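These notes concern the structure reproduced below.
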Amino acid sequence: MVGGSPKYVCFLHPYQVYSLRTDATANRVTWYDAQKALVSGGEKSNGIFTGALGEYNGVVLHESTRIPLAPNTTTVRRAVFCGAQAAAIAYGRETPGDGRMNWTEELFDYGNQLGVSGGLIWGIKKSRFNSIDFSTIALPTHAESP
């Protein structure tokens, strides 16, 4: 939930993103047209301002190189649509101090250069219950390499 509205996330393969961005079909609104209209209309909460590809009907779109190919094909890519609780995150044992992250700052070169190091042990995994994926849907589309 963001601002009281439900949000979902869809991870797209780079080839799917390329197809989405370069679609120039006549007589219909393309992804480019929709995003251009939002920005020119003053929309400032769209995902494109936060590093996402954009947002459509409450779905934030992200590009990911970790999306696998569909089985037995070279032209089909499978986006992953994620709902609530689609993934779980876990952190390693707490480091000394007041948080999970180890943060160190040191001065070098007689105080002229600052070095900063941050460390964290963590992991994220797709949720599965009774050997069944939970809160995710695979979205196969035709998307050839550019």
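The values are calculated or read from the model by the stated rules, or taken from the named source; none is laboratory data. All figures in this text were calculated on a predicted structure; none of them were measured in a lab. With ideal geometry, Cβ positions are generated from the backbone for all residues, glycine too; neighbour counts draw on all protein chains shown. Note: areas computed on protein heavy atoms with side chains; ligands, DNA, RNA excluded. Shrake-Rupley method; radii C 1.70, N 1.55, O 1.52, S 1.80 Å.
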Would you mind working out the accessible area per residue for the chain, using a 1.4 Å probe, and quoting it in Å²? 75
Honestly region 70-146 on the Cα gyration tensor test (a ≥ b ≥ c root eigenvalues; a/c under 1.5 rounded, otherwise a/b vs b/c for prolate or oblate) is just oblate
Could you pull out every residue, at least 5 positions away or on a different chain, whose amide H is within less than 5 Å of the one on residue 59? Hs are placed 1.01 Å off N in the peptide plane, and Pro or chain starts have none. 8
Probe 1.4 Å, all protein chains present, accessible-area order of 23, 109, largest first: 109, 23
Listed by chain and number, the residues whose amide H is under 5 Å from that of residue 143, excluding neighbours fewer than 5 places away on the same chain and using placed H, are 76, 77
Taking semi-axes √(5λ) of the Cα gyration tensor in Å as the quantity of interest, determine which of (i) 24, 16, 14; (ii) 31, 20, 13; (iii) 35, 23, 18 was computed from the displayed structure. (iii)
Can you compute the modelled spin-label distance between residue 37 and residue 59, with each label point 7 Å from Cα toward Cβ, in nm? 1.8
Using only the alpha-carbon atoms, how far is helix 31-40 inclined from the longest principal axis of the chain? Give it as 0 to 90 degrees, nearest 10. 60
Of all accessible surface on the chain at a 1.4 Å probe, what whole percent is carbon and sulfur? 55
Lysine pairs within the chain, Cα separation less than 28 Å, 8 or more sequence positions apart or different chains: 5
As a check on your grasp of the helix formula, calculate [θ] at 222 nm for the chain: sum -39500 (n - 2.57) over DSSP H runs of n ≥ 4, divide by the residue count, round to the nearest 500. -3500 deg cm²/dmol
Order by accessible surface, 1.4 Å probe, largest leading, for residues 15, 32, 110 comes to 110, 32, 15
Which order, highest average first, do 120-126, 79-85 follow once you tally other Cβ atoms within 10 Å for each residue and take the mean per peptide? 79-85, 120-126
Roughly how many Å is it from the Cα centre of region 1-41 to that of region 67-138, as a whole number? 25
